[in-house]
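Q: Below are the C-alpha cells for one structure; questions will follow.
The values are calculated or read from the model by the stated rules, or taken from the named source; none is laboratory data. In this text the structure is predicted, and so the values were computed from the model without any measurement. No Cβ is skipped: glycine too gets one built from the backbone with ideal geometry, and neighbour counts run over all protein chains shown.
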Amino acid sequence: MQQIRQRLSIIEMELRSELAALAPEWQALLLSDVIEQMASHDMCHHALYSKLVRLDAALCQLDIGLYGLCSDCEADIEAERLSADPTEQRCHHCDDQYNLQHRQELRLSH
C-alpha cells in the first residue's frame, strides 16, 4: 500500500503543477477544496478536474481499504489497469459499459 500511496503522491504533485498554471491561488488548498473551487467556477469540463476527482477517489479508497475495487461492480480492478493508471476507478468490463453509455448520451444530447 505504501508504494501505491507514493505513486498517487507523485500524480498529485504533477497535477498540482498543472493547477499552478491555471489557478496558483488554489495551490495550498486540500485536494477536495480544489475540486470544490473548480466546480464552483464552472470548470467541471476541464481535463484537470476529472484527473483530480479520480485522484481524490483513489486516495479515499486507499484510506478506507477499498482501493482497487471497481466503483460500479465492486470486483477487483485488473492489476494491469491499476499499474497503467493507479487512479483507475472501474474494471475493464464496467469501463467499457460506462464508455458505451457515455457515447450514447453524447449522441442524444446533440
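Q: Quick one: residue 73 ticks every box in (1) within 22 Å of residue 9 (Cα to Cα); (2) outside the structural domain of residue 13 (by TED's automatic domain parsing); (3) of a type in the set (A, V, I, L, M, F, W, C) except a single one, so which number is it?
A: (1)
Q: Exactly one of these conditions fails for residue 73: (1) among the hydrophobic types (A, V, I, L, M, F, W, C); (2) closer than 28 Å to residue 93 by Cβ; (3) without any contact (Cβ under 8 Å) to a residue 40 or more places away in the chain; (4) part of a helix (DSSP H, G or I). Give me its number.
A: The failed condition is (4).
Q: Those residues that are among the charged types (D, E, K, R) and either within 13 Å of the chain's Cα centre (by Cα) or surrounded by 14 or more Cβ atoms within 10 Å (Cβ to Cβ) (or both), I need them from the range 55-76; list them, please. Talk me through it step by step, then tell me what you get.
A: Looking only at the range 55-76, we keep the residues that are among the charged types (D, E, K, R), and these are 56, 63, 72, 74, 76.
Matches in the range 55-76: 56, 72.
Q: Go through 52, 22 for me and flag whichever is closer than 20 Å to residue 71 by Cβ, of a type in the set (A, V, I, L, M) and either within 14 Å of the chain's Cα centre (by Cα) or modelled with pLDDT under 95 (or both). Quick ask: steps written out before the conclusion?
A: Working: 22 fails: closer than 20 Å to residue 71 by Cβ.
Within the list 52, 22, the selection yields 52.
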